[in-house]
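Following: one structure in structure tokens, then a few remarks.
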Amino acid sequence: FCTSACYEASGLPKFASLDEAAWVLEGETTRLDALPSVEADDIKDELLRAVEGLKPIEVYAVATTNKKVGVPAHYVIAPGLDFRERDKNQSIGLFVGRKVSEEQTPEEARRNLETIATVYPVAHFLPFYAGMLSLREERFQDAFELFSSAIERQPESDSKALAAFYAGYALTLEGKWDKAEPFLEKAADLCPGMKEYLSYLGVARFKGQKFAEAAEAFRAVLKLDKGSAIDLANLGLCEKLTGDTEQARVHLEGALEIDPGIDFARTALDELDGLNAASAG
């Protein structure tokens, strides 16, 4: 909030427009005072009423209090309710697959992904998690092929964008920025609100010396996050290279004000100062 950045809430998927909530608006209306209530003077009683009201769904609480800190904490699980996750196509396989691909040894993860595939043989998440595993093993070409094959298997634009982004990202790890650009562009088109996709797209275009197009991508990032120092610096550098020195100075100075440690921004600003001094002389 201090940097004027855009706030983005995390957690469960949220409506992006009223059209997505049409099914709610078309339903029957009910008076608020007719809805179930757990209201009580003691929060303990409210919790117990809530648990009772959820039956036959069982509610489990796992103690997570840190003994050194001493602040009471717990994690509540209610099997059958939504996971706190953005993915709209949830399944046990999706969550287990993610955990094994991220946390187990490659040998264990590969074996367990094969087991998951026997239960979910055509699941959209299988090639994606196999790609994540290849990425961990630094088999970047294999990862790219798996991610690119996963794109069209995804059921939603967001998950297609994620697969496209990782396909491009795997290529960047081999220095193939020109080949990565169309995948990063696809990710940004499918999910224009994800600043990371736009930022990588800008870098890919910059690497290809497409400075004006790179600047467009960095501007799009800054519409989402005005306080991103690195993207301000990248935009300023692009503007310097396209001859827009006035705007370049504004953005380079803005980047350094937020993060004085961005060396290339300071170098570019010094070069602008040198050009001004030379022209004045």
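The values are calculated or read from the model by the stated rules, or taken from the named source; none is laboratory data. Nothing here was measured: the structure is a model prediction, and the numbers come from that model. All Cβ positions, even for glycine, are placed from backbone atoms using ideal geometry, and neighbour counts span all protein chains on display.
Per-structure values
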read-out	value
Condition check for LEU232: touching a His at 6+ places or on another chain (Cβ under 9 Å), in a helix (DSSP H, G or I) and closer than 24 Å to ASP259 by Cβ	yes
Test: residue in segment 38-52 that is modelled with pLDDT under 90 and loosely packed, with under 10 Cβ neighbours inside 10 Å	no
Failed item, numbered, when THR172 is tested on (1) farther than 30 Å from PHE140 by Cα; (2) of a type in the set (S, T, N, Q); (3) at pLDDT 95 or above	(1)
Qualifying residue in segment 139-160 (condition: more than 22 Å from ALA117 (Cβ to Cβ), crowded, with 22+ Cβ neighbours inside 10 Å and in the same structural domain as GLU114 (by TED's automatic domain parsing))	no
Looking only at segment 222-247, and only at residues there that are hydroxyl-bearing (Ser, Thr, Tyr) and at pLDDT below 95, the one that is farthest from ASP270 (Cα to Cα)	SER228
Close pairs (9 angstrom Cβ cut-off, 6 or more residues apart or separate chains): over 13 Å from ASP231 (Cβ atoms) in segment 253-273, among the hydroxyl-bearing types (Ser, Thr, Tyr) anywhere	LEU272/THR245
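Rundown of residues vs (1) within 30 Å of LEU272 (Cα to Cα); (2) β-branched (Val, Ile, Thr); (3) not in a helix (DSSP H, G or I), yes/no style:
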residue	(1), (2), (3)
LEU184	no, no, no
ALA187	no, no, no
LEU201	yes, no, no
GLU213	yes, no, no
LEU237	yes, no, no
GLY243	yes, no, yes
GLU246	yes, no, no
